[in-house]
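Inspection log for the structure reproduced underneath, given as structure tokens.
Where a number appears in this text, it was derived from the coordinates with a stated rule and is not lab data. These numbers were taken from a predicted model, which means no experiment stands behind them. FYI the Cβ positions are ideal-geometry reconstructions off the backbone, even for glycines, and counts take in every protein chain you see.
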Amino acid sequence: MPTRREEIAKHLEEAEYHLTAQDICEMMDLKKRSLVYEDIDHIAKSVKNQGKQVIVSPARCGKCQFIFKKMKSSKAPTKCPQCRSEWIIAPGYLIREKK
């Protein structure tokens, strides 16, 4: 039986479009998105050895379209630094072969 991280990695590899932490929670019937964010951080490190990478579609503000680039962790921000809106579109993730 695969571990939670192995299942998340499998979903991210097979996905045709970027998956958010909420999408993964719904697929796997998980309650906490924070666990998914922690797992994605760990998966990003472990897939490097397999010649793969986690591709991130950065979070952005739904009001002013500010893009949150250089994030230290995979967690979604809570407030836009530009307009202070809390309408944040969550980051999306995929796993693909390195080019």
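Key figures for this structure:
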{"read-out": "Any hit, region 60-81, residues being of a type outside the set (Phe, Trp, Tyr) and in a helix (DSSP H, G or I)", "value": "no"}
{"read-out": "Meets criteria (among the β-branched types (Val, Ile, Thr), within 10 Å of the chain's Cα centre (by Cα), part of a helix (DSSP H, G or I) and surrounded by 13 or more Cβ atoms within 10 Å (Cβ to Cβ)) for Val36", "value": "yes"}
{"read-out": "Complete set of residues in region 66-99 that are without any contact (Cβ under 8 Å) to a residue 24 or more places away in the chain and either buried (at least 17 other Cβ atoms within 10 Å of the Cβ) or not basic (Lys, Arg) (or both)", "value": "Phe66, Ile67, Phe68, Met71, Pro77, Thr78, Cys80, Pro81, Gln82, Cys83, Glu86"}
{"read-out": "Meets criteria (in contact with a His (Cβ under 9 Å, 6 or more places away or on another chain) and in a strand (DSSP E or B)) for Ile55", "value": "yes"}
